[in-house]
């Protein structure tokens, strides 16, 4: 199983990565490894390049820290198998600041919501089976829902309360919320748009238009019992709010700033994910936790802050 990782770079740190990406062949190698691990011979066949050429490209990607390789035994002897290290790259060009930046990260299972207003089609599941009854909102109140690693609803919202224990003297500069998400419809439909919105502390951050309820090929992490006729995976999306505005995957979507959110040390941060009743595309939503979909992660909230890091008490 491949975990989701985001590489954040700035300044001269990003030069080796840019050099590694300055080749169509190497970019294609990254795309192939995003699908699954492959050996040098497999990459050579798909790219129609010689093995020595592919080996050299892989070495460049390894030097940049984008790809990892390991040697395994096989029928034809020892082979080098390559895997992708990062799913996303974020490059920042902010001016250097001597103030120390820290990141407080909380991973929240999708079933640990504090409020839920849902409508059929809806449901929850763990890697071992469904929770409660299919298409009955009462299932969202079952105590087993805390173990859910996927949930879906045709309308409404779910709300999560994230703890915030950063130092009281710290200044919060940026908030990131990452999740694997898509639309919701019976079975699956890759062309079923939905306008999915995120709010933080009752402030609207931004709306992302999901293209569909994705299926047709199995999600990497889905358990065997999860039927092929069900939706299979979502899109890894990142909502960000800083001092200048709000963004989805780095693209500006709104004017809400970090100060507007009133995210404060030692006060909980309330995150709502849902579809507005008046949204143009009422396509519901599905949230994938670390046991379903393509990315081995739950909902992840990151608070970037500057100031003295908190000392752990032992």
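The values are calculated or read from the model by the stated rules, or taken from the named source; none is laboratory data. Just so it is clear, the structure is predicted and the values come from calculations on it, not from any experiment. Cβ atoms come from the backbone with ideal geometry, glycine included; neighbour counts cover every protein chain shown.
Structure notes:
- Subset of the range 290-304 that is assigned to a strand (DSSP E or B) and under 10 Å from the mean Cα position of the chain (by Cα) - its residue that is surrounded by the fewest Cβ atoms within 10 Å (Cβ to Cβ): 300
- Extreme residue, nearest to residue 263 (Cα to Cα), among residues of the range 182-197 that are within 20 Å of the chain's Cα centre (by Cα) and surrounded by fewer than 23 Cβ atoms within 10 Å (Cβ to Cβ): 197
- Test: residue in the range 17-29 that is under 30 Å from residue 298 (Cβ atoms), modelled with pLDDT of 90 or more and surrounded by 16 or more Cβ atoms within 10 Å (Cβ to Cβ): yes
- The range 36-111 holds strands (runs of 3 or more DSSP E) entirely within its bounds, and those carrying 2 or more residues that are out of contact with any strand residue (DSSP E or B) (no Cβ under 6 Å at 6 or more places or on another chain) and modelled with pLDDT under 85 map to 67-74.
- Taking first residues from the range 46-57 that are closer than 15 Å to residue 30 by Cα and partners that are outside any helix (DSSP H, G or I) and modelled with pLDDT of 90 or more, the Cβ contacts under 7 Å between residues at least 6 apart in sequence or on separate chains come to 57/23.
- Residue 181 being assigned to a strand (DSSP E or B), assigned by TED's automatic domain parsing to the domain that holds residue 130, touching a helix residue (DSSP H, G or I) at 6+ places or on another chain (Cβ under 9 Å) and more than 24 Å from residue 305 (Cα to Cα): no
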